[in-house]
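The values are calculated or read from the model by the stated rules, or taken from the named source; none is laboratory data. Keep in mind it's a predicted model, so treat the numbers as computed, not measured. Here Cβ is always computed from backbone atoms with ideal geometry, including for glycine, and neighbour counts include all displayed protein chains. Each accessible area value is taken on the protein alone, full model and side chains, heavy atoms only, with ligands, DNA and RNA left out. Shrake-Rupley method; radii C 1.70, N 1.55, O 1.52, S 1.80 Å.
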2 protein chains.
Amino acid sequence: MKSVSFDKINLGGFWKNRFEINKNATIPMVYDRFSDTGRFDAFKFDWKEDEPNRPHIFWDSDVAKWLEAVAYSVAKCPDEKLEAIVDGVVDLIEKNQDENGYFNIYFTVCEPDNRWVNRMAHELYCAGHLTEAAVAYYNATGKDKFLKLMQKYMEHIETVFIKEDSADFNTPGHEEIELALVKLYDCTGDEKYLRMSSHFVETRGRSQKDKEGPFFIRGDYDQAHVPVREQKTAAGHSVRATYLYCAMADLALRMNDETLLDACRTLFKSIADKQMYITGGIGSSHHGERFTQDYDLPNDTAYSETCASIGLALFARRMSLLEPDSVYADIAEIATYNCALAGVSLNGKAFFYVNPLEINLEKQKLDKEYHHYRGGCSGVHERLEVFDCSCCPPNIARFVASIGDFLYTYDENTVYVHHYFESDAEWNGIKIIQNTEYPNNGAVKLTVSGMKGKTLAVRIPGWAEKYSFSVPASKTEKGYAYFEISEDTAEIQLDFPMECRLVAANPLVEANLGRVALCRGPLTYCAEGVDNNAPLNNLSLSAQLNANLLFNEEMQAYTVEADGFEDAPFDSLYRTYKPDFKSRKIKFIPYFAFANRGETDMIVWMRIK
Amino acid sequence: MKSVSFDKINLGGFWKNRFEINKNATIPMVYDRFSDTGRFDAFKFDWKEDEPNRPHIFWDSDVAKWLEAVAYSVAKCPDEKLEAIVDGVVDLIEKNQDENGYFNIYFTVCEPDNRWVNRMAHELYCAGHLTEAAVAYYNATGKDKFLKLMQKYMEHIETVFIKEDSADFNTPGHEEIELALVKLYDCTGDEKYLRMSSHFVETRGRSQKDKEGPFFIRGDYDQAHVPVREQKTAAGHSVRATYLYCAMADLALRMNDETLLDACRTLFKSIADKQMYITGGIGSSHHGERFTQDYDLPNDTAYSETCASIGLALFARRMSLLEPDSVYADIAEIATYNCALAGVSLNGKAFFYVNPLEINLEKQKLDKEYHHYRGGCSGVHERLEVFDCSCCPPNIARFVASIGDFLYTYDENTVYVHHYFESDAEWNGIKIIQNTEYPNNGAVKLTVSGMKGKTLAVRIPGWAEKYSFSVPASKTEKGYAYFEISEDTAEIQLDFPMECRLVAANPLVEANLGRVALCRGPLTYCAEGVDNNAPLNNLSLSAQLNANLLFNEEMQAYTVEADGFEDAPFDSLYRTYKPDFKSRKIKFIPYFAFANRGETDMIVWMRIK
């Protein structure tokens, strides 16, 4: 199967709004902050010791993700000024690239003697992100200078890591280059890049040189504990993990590798069935920014990095290309509309790295004073404009700019509709118009042209308990309804009634015992202190759900007012138990919109009565 | 009011059993472990650098508490061998005491140049515990050598701290000497000791020398942040706090100091109404072993040191002497039967320092691996025979050996019965026989002689929702029922029906929301993994409490089997909410008996349905 590139798709509605905010606010804001902090100037390679803004080992990748975001944005909305900035950076890369092809700011300017020494120093990771940017920029503009520079760099990497095996390690401590090489293969058709990707993926967990090196981290932190095909549990640093799994899925597809696909299926299930927050966040522990154990999903100390949920969505999208099973698009949808979108403020200008499922400001204060709890990465409860480790802001920018990539896949006979966005798309003589208010309404009108004699498969969202179609489906299988198209232009109405619903977690998730989350369609909701005048944990939802919706323009989504209860206060510390609470309304907003109104408490999982 | 000393009381039933275990197992066990670790040999003052068992700054106090426990034990059950050990230690103290009266192992053997330099080095604390032991041994045996040695030491302390003010600090970093000086005053009648105690108490929080010294700890850790009369919240290290509050109550009584009594009342309420676990444990944070904030009572990370609950019971007992209000004996009872008794194993040979209200072995393992949670002090889930910091084992030994002290107080006209122990007591021509199975049954027969024309006041336990007496009370006030005795020998039957009951915590205690504790009489219960084949947090108690009792010989208490529910397992991580659980029985044991059958999970606060 192939996917339809975002650039073949014109967005409207919810995602058009997000795309515009991304273009008008996020991309300029990240540019400004990266300029302030010297990340762009670093490409001049003229930093001197004792100057401020010492280059960091992963600055290349921060800027690369921004370049990639710009490429996607200008592909849809040309912007000469932005292109000029990219061209300027590319010129600096050309100027400062080694004759042998090597390019890395830190290991040229700061530690030139330590190239390819420390597998944890992100060199291959940076190379990967620059390559993704180069491919994206070539696809967007047709300009091939950046692409050729990165091809030259890859020649060097092939020499060092494969032909000569002369680096001090065999595999990167942070995966990324593996999936970038597949993109380079897709762009150039040169199978060498596919072989290089496969080399890095298959060598992982088998290299004695890695394991004996001083920078090898014991355990599963970077997924090098066993060969990838033997990994049965999603483990270790969650961004690293998902980037690896993306490459595994890419290779399984392109090399028709069934056992690698099996490994991907197992790892995907390990995440989706045992280790994922209801927001699509993954990586529950700050310590190691990592997966921990099945069902260990604490809410207040959730790490749940923005980049990790993006990585999960990217992995899920790749799985959708391998086999039609709606679970993949379901998970991509959950991660996208909840944790990933929470990573950026509604105005597009500020960012979360860590996305907790509960904020209790009093408890966090106690945490700091008395070391009871671990608290979030930085105890940040309002989004920041820049982080020292600033992987997430440009990552969400490139993700939103290319969100259309998630919409369709196709093979010779069938087009799969994985998501519902107000949009029109046109490729290979096929045209599909979606009219829908999704994610706010589950009614979708599909107008399909150029598919006579082909099959249209539409995803039945996992959240939809009921649904109906205007024409009968020929079959329903693994979450897709199949329609045989017999007209030049066919119109199919899909209806996935979007009711508010209460969701329970598996009882093995201790943090959520006796609690439910309020969800509607793909959105998970949360209650914030600013809307609810009570300690949030003193509120309970009524099991007899009664909810009213109110559309919020800024969120471009509905807020919810639901029937619930509030525990009655009393004076003593303990007393004989008697049920004692009053009825009240409780206000909820979509999780992605939390923390946009100053520091305030928040919970996703609320007690139920 | 005065209290009736434990040595006037013969115990039967529950406490006789505990006294015997204490005498036959705990006291010998602590002796053996203290011998193994060099704590007794240290009194020879011949330790040399590079030898094992380097003396520690608080070893004097560890042994002192053991000596005190022996004194109480031999007062009731003479034992020549034990007395010989005490006499031997006293001889070594005599031999090694400085001519000027100073006595401290560490600061004579290890750092002789640093006497009275570091207010955090426990010198005055050790002096206090040795003095308590000396008073106890004099009272038990009439031998006054130890007492006189300590009086000589106090002369020295008076010179250094009051007459000359020549120490580098004014008040001890760990309170204890303050209450010991009051005991010395009670024993000798010398008012100098009362003045010294008052000096240390009143100087606390006012001393510039303390605050400017290098060993002053900012904040409220050792209750030196403000003068004691200005302290409105129980704060800081919880053992330190309760020892200070004991001395404040002692002074308020003996000096008839109403404003100091007010301060005691405020601090007592701060603990009982806002900062106490349902087990009578206090000090919720490992970090600083301290009180944190009102209603901050996490269960799994509870610190709740054994010594702190003993300190709370001792403070409460002193408050009972100041004013008849049953809240004091209620809290003493809760702390005694639950947290304090949990500090020692049923066989008397092993000890808990930290007494959590939840053990989840899986979560604790996660804690260590991924730093989610803080875990207990040492992650210990089985009692140990010795700790590096071994304050608790001899503390529980002296506490159990003198438990009779809690029973009665009296003034000219009235005798107060604060607790119900199977016992007979005789003092000043008064004799009281209690026949009861308390804490297992709330029926008490009191046979009172020698009180004709006086008043007997009996405490109505705070847990008793109903009660009846065989004769009418003349009045009931602040939790005491008053009976005018008009016969030479009077018999009064008290009945406090002991039903199992469910107790809720204030909704501001976040950890216990939606949960209840099962209690019966003064006992708080817990469920252990070993008795209940399920993750304990998947169990819920039925709000329609239906409980069966079964007497357990080893515990000398009832276990309980109650109706409840277990959440039905399911495969997926999330699903639409529907109530789904099965009915089942849940087994409970008294909290004091937890962790006597190997490592296993435990919870006190269980969800309710």
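Observations on the structure shown:
- Single unsatisfied condition, B:Leu541 versus (1) facing chain A (nearest Cβ under 10 Å); (2) surrounded by fewer than 22 Cβ atoms within 10 Å (Cβ to Cβ): (2)
- Scanning region A:314-331 for residues that are among the hydrophobic types (A, V, I, L, M, F, W, C) and more than 18 Å from the chain's Cα centre (by Cα) yields a count of 1.
- First in region A:346-370 and farther than 30 Å from A:Phe34 by Cα, second anywhere and part of a strand (DSSP E or B) and small (Gly, Ala, Ser), Cβ under 7 Å, 6 or more apart: A:Tyr370/B:Ser285
- Candidate set from region A:218-247 (those that are over 21 Å from the mean Cα position of the chain (by Cα) and in a helix (DSSP H, G or I)); member that is nearest to A:Gly311 (Cα to Cα): A:Val228
- Residue count for region A:98-109, restricted to those that are open to solvent by less than 20 Å² (accessible area, probe 1.4 Å) and outside any helix (DSSP H, G or I): 5
- A:Glu323 passes every criterion in (1) free of Cβ contacts under 8 Å to residues at least 40 places away in the same chain; (2) away from every other protein chain (no Cβ under 14 Å); (3) of a type outside the set (Lys, Arg) apart from (1).
- Close pairs (8 angstrom Cβ cut-off, 6 or more residues apart or separate chains): assigned to a strand (DSSP E or B) in region B:397-420, surrounded by 24 or more Cβ atoms within 10 Å (Cβ to Cβ) and of a type in the set (D, E, K, R) anywhere: B:Tyr416/B:Arg459; B:Val417/B:Arg459
- Being among the small types (Gly, Ala, Ser), closer than 18 Å to A:Gly12 by Cβ and open to solvent by 10 Å² or more (accessible area, probe 1.4 Å) is a property that does not hold for A:Ala511.
- Positions within region A:397-414 being under 26 Å from A:Ala71 (Cβ atoms) and not polar (S, T, N, Q), in sequence order: A:Ala397, A:Arg398, A:Phe399, A:Val400, A:Ala401, A:Ile403, A:Gly404, A:Asp405, A:Phe406, A:Leu407, A:Tyr408, A:Tyr410
- Residue count for region B:514-550 under the criterion of being part of a loop (DSSP other than H, G, I, E, B) and under 30 Å from B:Tyr480 (Cα atoms): the result is 3.
- Which numbered condition A:Asn299 fails, given (1) under 16 Å from the mean Cα position of the chain (by Cα); (2) within 13 Å of chain B (Cβ to nearest Cβ); (3) among the polar types (S, T, N, Q): (1)
- Top-ranked residue in region B:1-23 [being assigned to a helix (DSSP H, G or I) and basic (Lys, Arg); ranked as least open to solvent (accessible area, probe 1.4 Å)]: B:Arg18
- Residues in region B:551-580 that are farther than 18 Å from B:Lys609 by Cα and assigned to a loop (DSSP other than H, G, I, E, B) were compared, and the one that is farthest from the other protein chains (Cβ to nearest Cβ) is B:Glu553.
- Only residues that are over 19 Å from B:Ser73 (Cβ atoms) and of a type in the set (S, T, N, Q) were counted in region B:132-160, giving 2.
- Residues that are part of a helix (DSSP H, G or I) and open to solvent by 10 Å² or more (accessible area, probe 1.4 Å) are absent from region B:279-287.
- Any chance A:Ser390 is modelled with pLDDT under 90, open to solvent by less than 20 Å² (accessible area, probe 1.4 Å) and hydroxyl-bearing (Ser, Thr, Tyr): yes
- Answer from B:Ala167, B:Ala133, B:Ala180 - the residue that is over 22 Å from B:Ala69 (Cβ atoms) and open to solvent by less than 10 Å² (accessible area, probe 1.4 Å): B:Ala167
- Scanning region B:24-37 for any residue that is crowded, with 18+ Cβ neighbours inside 10 Å, out of contact with any strand residue (DSSP E or B) (no Cβ under 6 Å at 6 or more places or on another chain) and assigned to a loop (DSSP other than H, G, I, E, B) turns up at least one such residue.
- Taken as a whole, the condition of being in contact with a Leu (Cβ under 6 Å, 6 or more places away or on another chain), open to solvent by 10 Å² or more (accessible area, probe 1.4 Å) and at pLDDT 95 or above does not apply to B:Leu314.
- The single condition among (1) within 14 Å of another protein chain (Cβ to nearest Cβ); (2) hydroxyl-bearing (Ser, Thr, Tyr); (3) within 22 Å of B:Ala224 (Cα to Cα); (4) within 18 Å of the chain's Cα centre (by Cα) that B:Thr279 does not meet is (3).
- Boolean, B:Ala595 is over 26 Å from the mean Cα position of the chain (by Cα), more than 9 Å from chain A (Cβ to nearest Cβ) and either surrounded by 23 or more Cβ atoms within 10 Å (Cβ to Cβ) or not basic (Lys, Arg) (or both): no
For every residue, the table says whether it meets (1) open to solvent by less than 10 Å² (accessible area, probe 1.4 Å); (2) at pLDDT below 95; (3) touching a Gly at 6+ places or on another chain (Cβ under 8 Å); (4) not in a loop (DSSP other than H, G, I, E, B).
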| position | (1), (2), (3), (4) |
| --- | --- |
| A:Met196 | yes, no, no, yes |
| A:Pro214 | no, yes, no, no |
| A:Ala249 | yes, no, no, yes |
| A:Ala252 | yes, no, no, yes |
| A:Asn256 | no, no, no, no |
| A:Asp262 | no, no, no, yes |
| A:Thr266 | no, no, no, yes |
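- Residues satisfying the stated conditions in region A:136-159, i.e. closer than 27 Å to A:Lys211 by Cα and either open to solvent by less than 10 Å² (accessible area, probe 1.4 Å) or among the acidic types (Asp, Glu) (or both): A:Tyr153, A:Met154, A:Glu155, A:Ile157, A:Glu158
- Subset of region A:442-498 (residues that are touching a residue at least 60 places away in the same chain (Cβ under 8 Å), open to solvent by 20 Å² or more (accessible area, probe 1.4 Å) and among the aromatic types (Phe, Trp, Tyr)): A:Trp463
- Of the residues screened, B:Thr301 is not one that is open to solvent by 10 Å² or more (accessible area, probe 1.4 Å) and among the polar types (S, T, N, Q).
- For region A:514-533, filtering for residues that are more than 7 Å from chain B (Cβ to nearest Cβ) and either open to solvent by less than 10 Å² (accessible area, probe 1.4 Å) or modelled with pLDDT under 95 (or both) leaves 12.
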